[in-house]
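The structure under discussion appears below in the form of structure tokens.
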Amino acid sequence: MRDIALALIFAILIPAIFYRPWLGPLVWAWVSMMNPHRMTFGFAYSTPFAQIVAGTTLISFLFYKDKKPFPVSAPAVYLILFVVWISITTALSINSTGSSFDTWQKVFKIHLMLWVTMVMLSGRQQITWLVWVIALSVGIYGIKGGIWTVATGGSSRVWGPPGSFIEGNNELALALTLVLPLMFFLRGELKNAMARHLMTAAMIFIGFSILGSHSRGAFLAIIVMALFLGLKSSRPVLMSVLTISLLGRLVAFMP
């Protein structure tokens, strides 16, 4: 049933990308980060939805009339220099035609779609939609993992979707830590008080999920992130002290 439902969703999204090309980067971000096909048990599990969406997006990109100039900013330039550097090191590596080249291909494809995203999406509204997609795609595993961590008292380790970049506990915990500031931003965008409370609850459960991953490195990362978010609040000193103190008590969820 899940396979059929997911296939129907993509049967709607693929034509929509041709009609509204800027939807392509959003759908690609959703598929690549959430990996919804990994939550199925039939034919959809191994269907290359990300490649299909990427190909559709690249085709629609060629005919997209509202493309913006490539942003000449420090982060964009650093991404290009990074790809140039890994291309050089891969070509000069001992195993340049084996696993090194395979890894380079994966990384290059990701950066290609990142460059396309930077050109196709513009304006505050579209960028905010992208932030929503990223935050919810990864955050859903944090919310689910946080509930599981609380229910089991932290006795079971939290994992990401199988066959994805965030399958491992360390990888998932790192991704969740990076999602927290995005959710903090989105919380500030919400006008409804109940919606803000729900976003706060989601961030708390993600914190539990990070602890439930039993990743020591992620625990240090979430302390730094908590300090950063505390400093950005209306009462920076108080919130920073309270947040870090709370994390210190929650370390009991990490055996």
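Just checking the listed ones, Phe205, Phe18, Phe82: in the Gaussian network model of the chain with Cα springs under 10 Å, the one fluctuating most is Phe82. Taking the 1.4 Å solvent-accessible surface of the chain as the whole, the part contributed by carbon and sulfur is 73%. Dipole check for the chain: with +1 at the C-beta of Lys and Arg, -1 at the C-beta of Asp and Glu, and the Cα centre as origin, the magnitude is about 560 Debye.
Between the listed residues Ser156, Gln125, Leu81, the Cα displaced farthest toward the positive end of the dipole of the chain, a dipole computed from Cβ unit charges relative to the Cα centre, is found at Gln125.
Based on protein heavy atoms only, segment 14-121 ends up with 59 Å² per residue of surface accessible to a 1.4 Å probe.
Per-residue ellipticity at 222 nm, computed for the chain from helices alone with -39500 (n - 2.57) per DSSP H run of at least four residues, works out to -25000 deg cm²/dmol.
Once semi-axes √(5λ) of the Cα gyration tensor in Å is calculated for the structure shown, the corresponding label among [x] 37, 19, 18; [y] 32, 22, 22; [z] 45, 20, 14 turns out to be [y].
3J(HN,Hα) along segment 153-169, derived from phi through the Karplus expression 6.51 cos²θ - 1.76 cosθ + 1.60 where θ = phi - 60°, amounts to x, x, 7, 10, 6, 8, 10, x, x, x, x, 10, 5, 10, 5, x, 5 Hz, with x in place of Gly and Pro.
The values are calculated or read from the model by the stated rules, or taken from the named source; none is laboratory data. The shown structure was predicted, so the numbers you read here are calculated from the model rather than taken from an experiment. For neighbour counting, all protein chains shown are included, and Cβ atoms are generated from backbone atoms with ideal geometry for every residue, glycine included. Keep in mind that these areas ignore ligands, DNA and RNA; they rest on the heavy atoms of the full protein, side chains included. Shrake-Rupley method; radii C 1.70, N 1.55, O 1.52, S 1.80 Å.
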